[in-house]
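Report on the structure given below.
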Amino acid sequence: MSTMLTVKPVAVKVTTQFSRSQFQKTAMTTAAPTARISTTIQNIQGQSGRKCMLTGKKANNGWSVSFSHIRNKKLQGVNLQYKRIFWAEQQRYIRLRISTKALKTIQKKGLEVMAAEVGLDLMSLKYTDADPKRKEWLGGNGAAQPAKKN
């Protein structure tokens, strides 16, 4: 014995009491601001502490475990080196602070490819010219020739 219930749709009138306020309407229609990744020049180019400029490697927290299994916290640092790397496309040397793992990866992938992956602007880095035409131009236009430092 099953009884069926029939439900008739009822029209509901929306009054101004239940409608959204003007602020809520504009808040719903405007897009939320996207999260920005902090890849400013200061963060990438060595200003953010001991961090590799190309791979982003940084120190790891670990445990130093003795024979008696006494554990003490220790910081496992990254093998960072200041390295002057030749950028062939611009005929200049660029000074980077990179890990030794990044050095091997530069040899495999190339400097420009790795910098593009990270979003590093190589033109904004300090550099030393290696182009002989540049040195000739500096000499011809009265600029002082760069002298070797002892």
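The values are calculated or read from the model by the stated rules, or taken from the named source; none is laboratory data. Quantities reported herein were computed from a predicted structural model and do not represent experimental measurements. Every residue, glycine among them, receives a Cβ derived from its backbone with ideal geometry; neighbour counts consider all protein chains shown. Only protein heavy atoms, including side chains, enter the accessible area calculation; ligands, DNA and RNA are left aside. Shrake-Rupley method; radii C 1.70, N 1.55, O 1.52, S 1.80 Å.
One table, with the values for the structure above:
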item	result
Chain lengthening between residue 88 and residue 75 when straightened (0.36 nm per residue, less Cα-Cα)	1.0 nm
Probe 1.4 Å, all protein chains present, accessible-area order of 98, 70, largest first	70, 98
Accessible-area order (highest first, 1.4 angstrom probe) of the listed residues 86, 67	67, 86
Filter on 51/133; 109/133; 74/104; 83/109 - keep pairs with C-alpha separation over 24 Å	51/133; 109/133; 74/104
Ranking by accessible area, most exposed first, for 100, 6 with a 1.4 Å probe	6, 100
FRET efficiency estimate (nearest 0.05) - Cβ-Cβ, residue 67 to residue 123, R0 41 angstrom	0.15
Cα-projected label distance for residue 109 with residue 50, points at 7 Å along beta-carbon direction, nm	2.4 nm
Dipole magnitude (debye, nearest 20) for the range 92-145, charges at Cβ of Lys, Arg, Asp, Glu	300 debye
With all protein chains modelled, accessible area of residue 78 [1.4 Å, Å²]	30 Å²
